[in-house]
1. Filter segment 100-118 down to residues that are out of contact with any strand residue (DSSP E or B) (no Cβ under 7 Å at 6 or more places or on another chain) and hydrophobic (A, V, I, L, M, F, W, C) and give me whichever is least open to solvent (accessible area, probe 1.4 Å).
2. Taking the options K82, K59, name whichever one is open to solvent by 100 Å² or more (accessible area, probe 1.4 Å), modelled with pLDDT of 75 or more and of a type in the set (D, E, K, R).
3. Across segment 133-160, what is the number of residues that are among the small types (G, A, S) and open to solvent by 100 Å² or more (accessible area, probe 1.4 Å)?
4. Is it the case, given these coordinates, that D147 is modelled with pLDDT under 90 and over 18 Å from R93 (Cβ atoms)?
5. Restricting the search to segment 121-150, which residues are in contact (Cβ under 8 Å) with a residue 24 or more places away in the chain, out of contact with any helix residue (DSSP H, G or I) (no Cβ under 8 Å at 6 or more places or on another chain) and within 21 Å of A77 (Cβ to Cβ)?
Amino acid sequence: MSDVFKHQRRERKGSKVASEASYGVRGTKTAGRTKDSISTVSNIEELGQPDENAQRAGKLENPYQQGAYKRFPVSAANDILKDVLTNYLQEERYEVEWARQMTKTICEVIQSRVKDLLIPRYKIVTLVHIGQLAGQSMQINSRCLWDASNDTFASYSFKNSSLYGVATVYAVYFE
């Protein structure tokens, strides 16, 4: 063993020291042939000196949580939906192009106001329907796969003499 290697071995108690071949150097020339080595040297820890890696690992906690810290506030979302639909649709008459643009606008406003509630780890999906009232019947259904203990939704329907508006916000817990 070389003196440098012995000195490194004494300084690194409790760690592994790899040979040159494991660092990418292809061995040494001995009598016309190359001698390859992929061995490592391990030392036993002295009692009473804890390993630095073990100390660091003991301080770390598992970041995974199995439920929401804060539940999605359905009543606050219902208030937002009622406020936005009433303010945007109260005095309006139904027109096709206007309804198309207003649906996008209302959806963006609801989305931003719900996100301002700062509920962590929830994905927010917003749907808005605006249609003409002309004596017909309409039924809106939705179907999805979710966890009933964490996921929820809020919905509000608005109606005036010319149109109806239905807004739904789905809050899906993101693990």
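1. Filtering first and then ranking leaves V109.
2. Working: K59 fails: modelled with pLDDT of 75 or more.
Matching residue, one of K82, K59: K82.
3. Of the residues in that region, 1 qualify.
4. Against the criterion (modelled with pLDDT under 90 and over 18 Å from R93 (Cβ atoms)), D147 qualifies.
5. Those that are in contact (Cβ under 8 Å) with a residue 24 or more places away in the chain, out of contact with any helix residue (DSSP H, G or I) (no Cβ under 8 Å at 6 or more places or on another chain) and within 21 Å of A77 (Cβ to Cβ): R121, Y122, K123, V125, I140, S142, C144, W146, D147, S149, N150.
The values are calculated or read from the model by the stated rules, or taken from the named source; none is laboratory data. Computed from a predicted model, the values in this text were never measured in an experiment. All Cβ positions, even for glycine, are placed from backbone atoms using ideal geometry, and neighbour counts span all protein chains on display. Side chains are part of the model used for accessible areas, which takes the heavy atoms of the whole protein and leaves out ligands, DNA and RNA. Shrake-Rupley method; radii C 1.70, N 1.55, O 1.52, S 1.80 Å.
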